[in-house]
Amino acid sequence: MADLKDFEGRSVSYEELLTRSIAVRGDGFAVHVASIDDIIAAKTFANRDKDREALPELLDIQEREHSQRYEQHDADVAFEVQDDLNRGIEP
């Protein structure tokens, strides 16, 4: 595959897709799979019956993937809460 189309029909190059792809490793091989966002964009633009039929499941996968990323990011971020917000600030 040389490219996919985005939501506006712009060709997205293989090189650009590769930056967002997911590497899937098997026994002695690896393949890059287009991101769920890029697949949804391409299917939305194509607007064929089979693409429209696949979109609800793809959108569900996208939602789960994004929420997992958010939960992971949330776990990696620590906040320090200070009682006096004005402490150490000079007028």
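Rule-based calculations on the coordinates, nothing more; no lab input. This is a predicted model, so every value here is computed, not measured. Virtual Cβ from ideal backbone geometry, glycine too; neighbours counted across all protein chains shown.
Some points to look at:
- Computed E for Asp27/Ile61 - FRET, C-beta separation, R0 25 angstrom, nearest 0.05: 0.50
- Cα coordinate range in segment 5-58, projected on the principal axes (Å, largest first): 37, 23, 12
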